[in-house]
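The values are calculated or read from the model by the stated rules, or taken from the named source; none is laboratory data. Everything numeric in this text was worked out from a predicted model, so none of it was measured. Cβ placement follows ideal geometry from the backbone for every residue including glycine, while neighbour counts extend to all protein chains displayed. Keep in mind that these areas ignore ligands, DNA and RNA; they rest on the heavy atoms of the full protein, side chains included. Shrake-Rupley method; radii C 1.70, N 1.55, O 1.52, S 1.80 Å.
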Amino acid sequence: MAAAARFLIRGANSKLPIAVVGSGAHCSFGSTFLKLSLNCNSGIKTQRRHAAHFTFQPDPVPTQFGPTQKMNLFQSVTSALDNTLANDPTAVIFGEDVAFGGVFRCTVGLRDKYGKDRVFNTPLCEQGIVGFGIGVAVAGATAIAEIQFADYIFPAFDQIVNEAAKYRYRSGDLFDCGNLTIRAPWGCVGHGSLYHSQSPEAFFAHAPGLKVVIPRGPVQAKGLLLSCIADKNPCIFFEPKIMYRAAVEQVPVESYTIPLSQAEVLQEGSDVTLVAWGTQVHVLREVANLAQEKLGVSCELIDLQTILPWDVETVCKKWSNELGGG
């Protein structure tokens with residue numbers, strides 16, 4: 001999985017050399033931290049393979065959105081899609097195998113409940129799926145397209161970046177495809193190999209006109225997906241597949257939204273800011289605890305949630321305040 005952490009040093013008196021954490025980057029917390037990291041010791045020739053390298057930390061039960069029900073992440077996605085189909089008669093869901101529930105069962109039961117004209121399969125053609133979705137959205141309906149795996153979104157790259165993202169601009173705001181949401185399972189599960197483990201959000205983070213969103217758990221998944229569907233811009237919603245069944249929370253049954261482009265501060269800290277999204281939020285929870293326990297470093301943890309446009313103000317303001325910038 002692509003590393004989703006960025007370290008920002010706070011305070012002129014910090015004595016810890018901090019390096020950016022990423023693919024291939026060397027950790028420089030010092031010898032103590034090297035002993036804590038599984039990836040920094042180049043002398044380890046063999047490592048045991050694990051399906052997960054983190055422990056999911058559920059959020060507190062939300063009380064502001066009405067009754068809740070125990071759901072895992074894929075069930076929260078199904079609930080969001082169910083709410084949408086029930087409340088929006090123009091909404092349609094389409095993609096490879098969605099009529100049968102999809103590979104990860106995110107659309108299970110929806111065709112039987114709402115009919116084959118609203119939940120239906122498409123040919124195995126990602127470019128065609130997104131192109132069809134653009135047309136549906138331009139016509140005024142709510143289009144929810146599923147790409148079976150995020151790794152296979154690249155054949156649709158031109159349709160997403162050169163058509164969907166630019167449709168409003170190229171027409172002088174006369175037309176748009178803002179009712180288009182593209183869902184895709186995202187990230188690794190420990191055994192997916194090269195074509196089922198990718199995290200391609202960085203490719204889309206540089207395309208104005210799109211919104212790119214990744215949740216950290218079931219509560220965020222439903223609220224953020226419903227926000228994407230309601231948003232008047234084309235959105236890409238990546239779902240961490242490793243958490244489809246592993247992440248379980250009390251999720252509101254009825255519709256609710258979580259604002260896009262608004263990061264959430266999950267843990268206050270005074271030395272280092274950790275910024276993450278999706279699965280990496282839970283990895284960095286553990287990193288923050290280790291840093292506090294072993295090194296006495298106070299870590300702030302921020303879940304970015306929306307990758308594009310990302311919440312610059314929250315991240316930079318928190319960092320600036322700790323530096324004494326006000």
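Do we have any residue at all in the stretch 286-293 that's under 16 Å from Q57 (Cα atoms) and crowded, with 22+ Cβ neighbours inside 10 Å?
First, pick out the residues of the stretch 286-293 that are under 16 Å from Q57 (Cα atoms): 286-290.
Next, from what is left, pick out any that are crowded, with 22+ Cβ neighbours inside 10 Å: 287.
Checked the stretch 286-293: at least one residue is under 16 Å from Q57 (Cα atoms) and crowded, with 22+ Cβ neighbours inside 10 Å.
As a summary of the residue check, E249 satisfies the conditions (1) charged (D, E, K, R); (2) outside any helix (DSSP H, G or I); (3) over 26 Å from F74 (Cβ atoms) except for the one numbered (3).
The single condition among (1) assigned by the TED database to the domain that holds S199; (2) not in a helix (DSSP H, G or I) that I242 does not meet is (2). Residues in the stretch 305-318 that are in a loop (DSSP other than H, G, I, E, B) and open to solvent by 10 Å² or more (accessible area, probe 1.4 Å): P309, W310, D311.
Of all residues in the stretch 166-195, those that are open to solvent by 80 Å² or more (accessible area, probe 1.4 Å) and among the hydrophobic types (A, V, I, L, M, F, W, C) total 3. Pick from the stretch 223-268 the residues that are open to solvent by less than 20 Å² (accessible area, probe 1.4 Å) and either at pLDDT below 95 or among the β-branched types (V, I, T) (or both): which of them is nearest to the chain's Cα centre (by Cα)? Only one residue fits best here, namely I236.
Taken together, the residues in the stretch 105-122 that are surrounded by fewer than 20 Cβ atoms within 10 Å (Cβ to Cβ) and closer than 14 Å to T78 by Cα amount to 7.
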